[in-house]
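The values are calculated or read from the model by the stated rules, or taken from the named source; none is laboratory data. On a predicted model such as this, the values are computed, not experimentally measured, just so you know. Neighbour counts run over all protein chains shown; Cβ positions are idealised from the backbone, glycine included.
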Amino acid sequence: MSDHEESVWVVFNGEIYNFQAEEASWRITATASGRSRTPKVIVHGYKQWGDDVLDRLNGMFGLAIWDVRKRRLVLARGPLRIKLLYYRIDGGRLEFGSEIRAVHAATPARREIDANLSESLPALPLYALAYTLFKDVRKLAPGTKLTVENGACQVSRWYRFKPRPSPRPSAPTRPPKSS
């Protein structure tokens, strides 16, 4: 999905739980219905806040945002460890998808197992891995983004957990005693 100018495009996999509230607060006119409005919220949020739009999204997702004017691509993964985002960078070409087989489909001849990783894999916690069993195929860790701009790729963390205290429960009210 893109904006009406086709200057920002988004490819999205997942669910944003607060998209309706954000849509209303950002004053985005709904022209689509249901979940198909979520990418529109992301597109318009990106145009307003840039990468900071990620901080406003509450949900599970993997997404790609292409900024036509800046010739800039952002791949981002939500912080919840649910939706995956795999990628391979090879000779100036970036291939990505929500499944490894999508990355393999882009270059079907290359499916090499990473022998070095397969030996150390059992000792590593799965959620911490940015690596896969396949050589040159990586995955974004939860709460990280990959930015491609001016011919350079950079992986960075966008999500920082900020604990907030829960509201104090009010004292329970007791029903009046009957006499």
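Of everything in the range 36-95, what is without any contact (Cβ under 8 Å) to a residue 24 or more places away in the chain and surrounded by 14 or more Cβ atoms within 10 Å (Cβ to Cβ)? Give them in sequence order.
Step one: filter the range 36-95 for residues without any contact (Cβ under 8 Å) to a residue 24 or more places away in the chain, giving 37, 45, 48-50, 52-53, 91, 93, 95.
Within the range 36-95, ARG37, GLY45, GLY50, VAL53, GLU95 qualify.
Could you list all residues from the range 58-87 that are assigned to a loop (DSSP other than H, G, I, E, B) and of a type outside the set (A, V, I, L, M, F, W, C)? Before you say what the answer is, go through the steps one by one.
Step one: list which residues in the range 58-87 are assigned to a loop (DSSP other than H, G, I, E, B), which gives 58, 68-71, 78-85.
If the condition is that a residue be assigned to a loop (DSSP other than H, G, I, E, B) and of a type outside the set (A, V, I, L, M, F, W, C), then ASN58, ARG69, LYS70, ARG71, GLY78, PRO79, ARG81, LYS83 are the ones that fit.
Name the pairs: first residue in the range 149-160 and on the phi > 0 side of the Ramachandran plot, second residue at pLDDT 95 or above and outside any strand (DSSP E or B), Cβ to Cβ under 9 Å, at least 6 apart or on different chains?
ASN150/ARG71
So how many residues does the range 149-175 have that are closer than 19 Å to ARG138 by Cβ and either touching a strand residue (DSSP E or B) at 6+ places or on another chain (Cβ under 8 Å) or outside any strand (DSSP E or B) (or both)?
Total satisfying the criteria: 9.
Please work out which one of (1) of a type in the set (A, V, I, L, M); (2) over 17 Å from VAL11 (Cβ atoms); (3) touching a Gly at 6+ places or on another chain (Cβ under 8 Å) is the condition ALA76 fails and give its number.
Looking at each condition in turn, ALA76 falls short on (2).
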